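What follows is a short report on a single structure.
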Amino acid sequence: MVIANIITYALVLIGALNWGLYGIFDFNLVSWIFGGPRSVGAIIVYVIILLAAIWLIISPIISGHGLRLDIRRQQMKEEKQEA
């Protein structure tokens, strides 16, 4: 789950960067890369970023412990609970 959280954070940051560029400079990076806002590649990227955002919303609910980004901290907590 840690790897999934890190990947989704990166994807959501890319989406945020795209929105920031669009809001400040009226420049859509994804559309520019794929040749238009409704091109197949752009739609795929938008859907992947949407799924990443949904994952970040529901993963704390699924795990019941919040987001896990630090494996060592998680392991230390589990070891303390076992002792």
To the nearest 20 debye, what charge dipole does the chain have about its Cα centre, counting +1 at the Cβ of each Lys and Arg and -1 at the Cβ of each Asp and Glu? 20 debye
Please give the residues of the range 6-31, grouped as numeric ranges, whose backbone N is less than 18 Å from a label point set 7 Å along the Cα-to-Cβ vector of Ile43. 30-31
Per residue and in Å³, how big is the convex hull formed by the alpha-carbon atoms of the range 29-69? 71 Å³
Starting from 0.36 nm per residue, how many nanometres of slack lie between Leu51 and Ile14 once their C-alpha separation is accounted for? 12.0 nm
Rounded to the nearest 10 degrees, the helix 2-25 long axis (Cα) sits at an angle to the longest Cα principal axis of the chain of 30 degrees
Dimensionless Rg/Rh of the chain, both radii on Cα and Rh by Kirkwood, sits at 1.16
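FYI, it's all coordinate maths here, none of it is from the lab. All values derive from a computational prediction rather than experimental measurement. For neighbour counting, all protein chains shown are included, and Cβ atoms are generated from backbone atoms with ideal geometry for every residue, glycine included.
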